[in-house]
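The values are calculated or read from the model by the stated rules, or taken from the named source; none is laboratory data. No experiment lies behind these values; they were computed from the predicted model shown. Positions of Cβ are backbone-derived with ideal geometry, glycine not excepted, and every protein chain shown enters the neighbour counts.
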Amino acid sequence: MSFSAVVVAAGEGLRAGPGEPKAWRLLGLRPLILWSVERLLAAGAEEVVVVVAQDRLALVDGALKGLKGWLAVLGGKTRSASVQAGLAALSCGPDQIVLVHDAARPFVTRLHIDGLLAAIARADGAVPALPVADTLKRGHVAIEATVSREGLWRAQTPQAFRLGRLMDAYGRWPKDEEPTDDASVVERDGGRVALAPGDPMLMKLTYPEDFRMAEQLVGSQRIVRTGFGIDAHRFGPGDAVMLGGVNIAHDKGLIGHSDADVGLHALTDALLGAIAEGDIGLHFPPSDDQWKGASSDQFLLYAVDLAQGKGARILSADLTLICERPKIGPHRDAMRARIADLLGLPMDRVSVKATTTEGMGFTGRAEGLVAQAIVTVETPA
Ligand code: MG
């Protein structure tokens, strides 16, 4: 079933303590707003409208870099005004299902959305909700009453509605009242809002301690990914080769568009592979004169930046150089040190190995040199 989404991120989030507005605080090194938008798009949202405050409009592009299928609009003074601004910006028709979501709930998944889409089939709206588990007390300084939790639910977001039904209900909502969620607007308008399965993972980050807990969850949800890279360059005239970021005197040079450092090229491809970001030729086309004679360390540093932008942490690198000559052994530690420096790793996480092909093939005939690399990273799940 097709759906669109509005993500509300215009609030200050003052209860989260001093600092950036809440949606712009970092969670797992990435702005909070990125989490929801990325996950809604990944779950198949046709369009996501992100509602932000005036002073953040220019910053959304940077925060959502690389994502497609969203647009940002200016929010209002209240949450409900922001939701309505978001709904008005959607390009879909009135029958389209729209999920209204708070950027402060970063862990929304396709499973939550599937539950909502199933529940709204027989209702005007659907809300992920959890039964209240704690005993409820009413009181001020002391307890005045124990309240039955029978039939009580904690409503979360995203909340699902048909666009036209929700906009109509908002049109009839009293102007001087602020609803605490979107379901209540449809409820008061006589609509039937179904309860869909909630999830503790849909928790709302409100206080500084919520962010601390979320950081721990993010840490426990990271996965390890491995990328493989391979590169070959032909020997040509020259008196030195660049290998693994180190200049080595040799009776030949390596031919290439850049400095032809097969070691750093293989490592760059391995890192790009680990984060599924294409290959070195995609980012640095050989047809582009800008990279003629370029020092290959900038390719690797670019991939490191890209990885960090995706919340990835590089764990280790293993490079194998395949050639008869030059001898790699005497330069091994210089290469390890240089690569460790470029990847931001301690040297004991970087390995450089060498082998020959026993005189066989093009490496054996010393026509060229091959490098293979594996890079391991840890990324958000
Ligand atoms: Mg190359």
Residue match in segment 261-271 (condition: in contact with a strand residue (DSSP E or B) (Cβ under 7 Å, 6 or more places away or on another chain), touching a residue at least 12 places away in the same chain (Cβ under 8 Å) and in a strand (DSSP E or B)): no
Meets criteria (modelled with pLDDT under 95 and under 15 Å from A104 (Cα atoms)) for L26: yes
L300 closer than 16 Å to M242 by Cβ and either polar (S, T, N, Q) or surrounded by 14 or more Cβ atoms within 10 Å (Cβ to Cβ) (or both): yes
Pair list, Cβ under 6 Å, 6 or more apart: segment 346-373 residue assigned to a loop (DSSP other than H, G, I, E, B), other residue among the acidic types (D, E): T356/E324; A366/E324
Counted residues, segment 232-271 - those being aliphatic (A, V, I, L, M), more than 18 Å from R325 (Cβ to Cβ) and surrounded by fewer than 21 Cβ atoms within 10 Å (Cβ to Cβ): 0
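Select from segment 270-307 the residues that are polar (S, T, N, Q) and either within 12 Å of the ligand (Cβ to nearest atom) or modelled with pLDDT of 90 or more (or both) and list them in ascending order.
In the first step, residues of segment 270-307 are kept if they are polar (S, T, N, Q); the result is 287, 290, 295-296, 298.
Within segment 270-307, S295, S296, Q298 meet the criteria.
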Filter pass, G76 being at pLDDT below 95, within 22 Å of A183 (Cα to Cα) and in a loop (DSSP other than H, G, I, E, B): yes
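Listed here are the residues, each with its yes/no results for (1) basic (K, R); (2) part of a helix (DSSP H, G or I).
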position	(1), (2)
R122	yes, no
A145	no, no
R149	yes, no
R165	yes, yes
Which listed residue, of A58, A85, A81, is more than 24 Å from the chain's Cα centre (by Cα), free of Cβ contacts under 8 Å to residues at least 24 places away in the same chain and not in a loop (DSSP other than H, G, I, E, B): A81
G359, sole failed condition from (1) under 40 Å from the mean Cα position of the chain (by Cα); (2) at positive phi: (1)
Residues satisfying the stated conditions in segment 220-248, i.e. touching a residue at least 24 places away in the same chain (Cβ under 8 Å), in a strand (DSSP E or B) and among the small types (G, A, S): G227, G229, A232
